[in-house]
1. Check whether at least one residue in region 40-52 is under 17 Å from Pro3 (Cβ atoms) and crowded, with 21+ Cβ neighbours inside 10 Å, and report yes or no.
2. If you go through region 148-163 one residue at a time, do you hit one that is over 29 Å from Ala338 (Cα atoms), in contact (Cβ under 8 Å) with a residue 40 or more places away in the chain and surrounded by fewer than 17 Cβ atoms within 10 Å (Cβ to Cβ)?
3. Select the strands (runs of 3 or more DSSP E) contained entirely in region 256-349, then report the ones holding at least 3 residues which are open to solvent by 50 Å² or more (accessible area, probe 1.4 Å), under 30 Å from Glu112 (Cβ atoms) and at pLDDT below 95.
4. Quick check, is Ala120 over 22 Å from Thr306 (Cβ atoms), out of contact with any strand residue (DSSP E or B) (no Cβ under 7 Å at 6 or more places or on another chain), open to solvent by less than 20 Å² (accessible area, probe 1.4 Å) and modelled with pLDDT of 95 or more?
5. Can you name every one of the strands (runs of 3 or more DSSP E) wholly within region 142-242 that holds 1 or more residues which are under 29 Å from Asp349 (Cβ atoms)?
6. Could you list, in sequence order, all residues of region 196-213 that are closer than 18 Å to Leu22 by Cβ and open to solvent by 50 Å² or more (accessible area, probe 1.4 Å)?
7. Any chance you could count how many residues in region 162-181 are at pLDDT 95 or above and of a type in the set (Ser, Thr, Tyr)?
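The values are calculated or read from the model by the stated rules, or taken from the named source; none is laboratory data. Note that the coordinates shown come from a computational prediction; the quantities given were computed from them, not determined experimentally. Using ideal geometry, Cβ is built from the backbone for each residue, glycine included, and neighbour counts are taken over all protein chains shown. Surface areas here come from the heavy atoms of the whole protein model, side chains and all, with no ligands, DNA or RNA. Shrake-Rupley method; radii C 1.70, N 1.55, O 1.52, S 1.80 Å.
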Amino acid sequence: MNPERPWVVVVGGFLGAGKTTLILTAARLLAQKGLRSAVILNDQGEELIDTRYAEMNGLTAGEVTGGCFCCKFSKLLTAMEDLRAHEPEVIFAEPVGSCTDIAATVLAPLREEFERYRLAPFTVLVDPSRAAALKSNPDANTGFLFEKQLQEADLVCVTKTDLYPDAVGIPGADVRYLSAKTGQGVGEWLNEILSADLRAGANVLEIDYEQYARAEAALAWLNLSFAFRPESPMAPASVVGPLLERLNGALTATGIAIAHLKIMDCSSSGWLKAAVCANEEEPVVDGDLDASPAEVHELLLNLRATANPSHIQGIVEKELGFLNGSVSRLSLDCFSPAPPKPERRIVPD
């Protein structure tokens, strides 16, 4: 591989499909082969947990915030150029989990940068539990985004096979099965996408942008950062666990559907990240589980849910009031995504 013309690997999929986890596992496999990689994370807001998480795992990371890759395409190119200083052979790019039309608005414009980059086929990840939930309890807005993402995929990968070993396929798709946790199928996926055998962005969508805007606007986005000083030193697990449990319970009690809820705690004794992708789901936890008590905790919270933004903001602010200690340097941003307006959209003649 040539760092002067690195691969760009765009990994899509709905919120909570396991994009960041897969990228981190893939980066570790590449490192074992002596290959450098980097990642660009993307969000509609600021204060991204995934960027901090990638950095904590030793991966060079950039980010594009304030809008999806398609609406901030020039910023994506700038972030890619900035990462070239680290000479990566592979640059992973993870779009916002509610985004679609990636083939026309991101991959096609990137293809014009062929002298500087090589473009891997577009992978879309599917969480089996999300697919099953949409089948048993359809939601028009989530279903629209989910189906459009599948339609434009060059490769569809069902994830979390360690949790769902009997996951079924996706009708009409040639599916690969992966577990970022165990590594199952990840090496084979890397070999396939970096073989140059598949064309990237081959499936350009026909899409109604008004419907697309309505579907994204049905989601509420909340990003929060703050410093917490407990009345007596606490371990990160003792901060994150109860807060996540209370938030999950409060959102569930009011009938708000969680799409993704993540909390990350960084302290002098270590860091911890916990996440759920549905109401009352058992959290996935990573980091220093046995970190000792610390006096100060820097916390990030990212919540995506089907709700009115002011409603979830009120719930989160109420739960912060139950923390046994002082909160400072609080920054909170809560909104529904604005209608997508791509910088560039290239469709075949």
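1. yes
2. Scanning region 148-163 turns up no residue that is over 29 Å from Ala338 (Cα atoms), in contact (Cβ under 8 Å) with a residue 40 or more places away in the chain and surrounded by fewer than 17 Cβ atoms within 10 Å (Cβ to Cβ).
3. none
4. Answer is no for this residue.
5. Counting at least 1 such residues, we get 155-158.
6. Leu198
7. So the count comes out to 2.
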